[in-house]
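The values are calculated or read from the model by the stated rules, or taken from the named source; none is laboratory data. All figures in this text were calculated on a predicted structure; none of them were measured in a lab. Here the Cβ positions follow ideal geometry from the backbone for every residue, glycine too, while neighbour counts run over all protein chains shown. Ligands, DNA and RNA are stripped out before the accessible areas are found, and what is left, the full protein with its side chains, is counted by its heavy atoms. Shrake-Rupley method; radii C 1.70, N 1.55, O 1.52, S 1.80 Å.
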Amino acid sequence: DRDMTASEMRIADPNALRIADEGVILRECLPLPGAKVLELGCGKAEKTRLVAQTAASVLALEVDVMQLAENQAAEKPGNVQFAFGGAESIPADDSSVDIVLMFKSLHHVPIERMDDTFSEIHRVLKSGGLAYISEPVYAGDFNEILRLFHDEKVVREAAFAAEMKAVTTQRLSLVSQTFFLQPMHFDDFSQFENRILKVTHTEHRLSPALHETVRSGFNRHMSPSGATFHMPIRVDLFRKDGP
C-alpha cells in the first residue's frame with residue numbers, strides 16, 4: 001500500500017458507520033507489544049493504562065497540573081511514567097520513541113504552536129516510528145450539544161491543516177486514515193456535567209439560560225437507560241521516514 005498524499009486527506013467521512021471503541025482501533029493500527037510509547041495530553045489516562053498492558057513503556061505527558069497530580073497520585077502500572085510537558089516542547093530525546101499517541105488532544109494545542117508539535121513528534125520518533133493522532137469530527141448529535149457552550153470548529157480545522165502541512169513538508173508520511181463512531185453513554189445530565197462541563201483543562205462558565213439550553217438539548221436524547229451518543233472520530237496514522 002502506498003502512503004496517502006495531503007490532497008487525499010479528508011477531515012471527515014459522513015459515510016463512516018462502524019461503531020467501535022477506540023481501544024480496538026488502536027490495536028488494529030499499531031504494533032504496541034514491546035514498543036516504547038510517548039503519549040501527549042494523556043488527560044485522565046484511561047488510554048495510557050490500556051496501552052501499558054502491551055507496550056514496553058509509556059511516558060504520558062500532561063499540561064493540566066491538576067489532572068497530572070491526580071494521575072501521579074493514583075495507582076499506576078510499573079511501566080508508566082506521568083510527567084509535565086506539552087506537545088510543542090517534548091521533554092524526550094531525539095529518536096527515542098517507537099510510537100507517539102495523541103487522543104483528541106491536538107486541537108487543544110495553541111494554533112500557533114501546532115506546527116511545532118509536528119516538528120517535535122518528528123524529532124522524538126525513531127526512524128520508521130509511528131504517530132497515531134485521533135481527533136473528533138465536527139459532526140453528530142453530541143457535537144451539536146457541545147458547540148452550544150464550546151464550539152471547537154476553528155481549532156479542529158486548524159489541527160487538520162497542521163496535519164496536512166506535516167505531510168506536504170515531508171516531515172511525516174501519512175500511512176492511513178480511519179473513521180469510526182465512538183459510543184459515549186451518560187446515565188443522566190448530572191453525569192454529563194461532571195464528565196464534560198467540569199473538566200479542569202477548560203473552564204466552562206455557563207449562564208443560567210445557557211445551562212438550561214444545554215440541559216434541554218441533552219435531555220432530548222435521554223431514554224430510560226440514559227443517553228448514548230456516537231461521536232465520529234478520525235484517526236490519522238503517520239510514519240517518520242529517514243533519520
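Results for (1) surrounded by fewer than 17 Cβ atoms within 10 Å (Cβ to Cβ); (2) under 20 Å from the mean Cα position of the chain (by Cα), shown as yes or no for each residue.
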residue	(1), (2)
178	no, yes
184	yes, yes
192	no, yes
195	yes, yes
198	yes, yes
203	yes, yes
207	yes, no
210	yes, no
216	yes, no
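Restricting region 218-243 to residues that are in contact (Cβ under 8 Å) with a residue 40 or more places away in the chain and basic (Lys, Arg) leaves a set whose member that is nearest to residue 136 (Cα to Cα) is 234. Against the criterion of being surrounded by 15 or more Cβ atoms within 10 Å (Cβ to Cβ), modelled with pLDDT of 95 or more and assigned to a helix (DSSP H, G or I), residue 120 qualifies.
Scanning region 218-243 for residues that are exposed (fewer than 12 other Cβ atoms within 10 Å of the Cβ) and modelled with pLDDT of 95 or more yields a count of 4. When 68, 59 are screened for being open to solvent by less than 80 Å² (accessible area, probe 1.4 Å), in a helix (DSSP H, G or I) and without any contact (Cβ under 8 Å) to a residue 60 or more places away in the chain, only 68 passes. Considering only residues in region 100-117 that are open to solvent by 40 Å² or more (accessible area, probe 1.4 Å) and not in a loop (DSSP other than H, G, I, E, B), the one that is nearest to residue 24 (Cα to Cα) turns out to be 108.
Of all residues in region 4-26, those satisfying the criterion of being surrounded by 15 or more Cβ atoms within 10 Å (Cβ to Cβ) and not small (Gly, Ala, Ser) are 4, 9, 11, 13, 22, 25, 26. Checking residue 32 against (1) assigned to a loop (DSSP other than H, G, I, E, B); (2) more than 21 Å from residue 117 (Cα to Cα); (3) touching a Phe, Trp or Tyr at 6+ places or on another chain (Cβ under 9 Å); (4) in contact (Cβ under 8 Å) with a residue 60 or more places away in the chain: exactly one of these is not met. Which one? Only one criterion is unmet by residue 32, namely (3).
Would you say residue 134 is outside any strand (DSSP E or B) and either closer than 22 Å to residue 21 by Cβ or at pLDDT 95 or above (or both)? Here the answer is no, as residue 134 does not meet what is asked.
Scanning region 92-128 for residues that are touching a residue at least 60 places away in the same chain (Cβ under 8 Å), small (Gly, Ala, Ser) and within 16 Å of residue 62 (Cβ to Cβ) turns up just one, 105.
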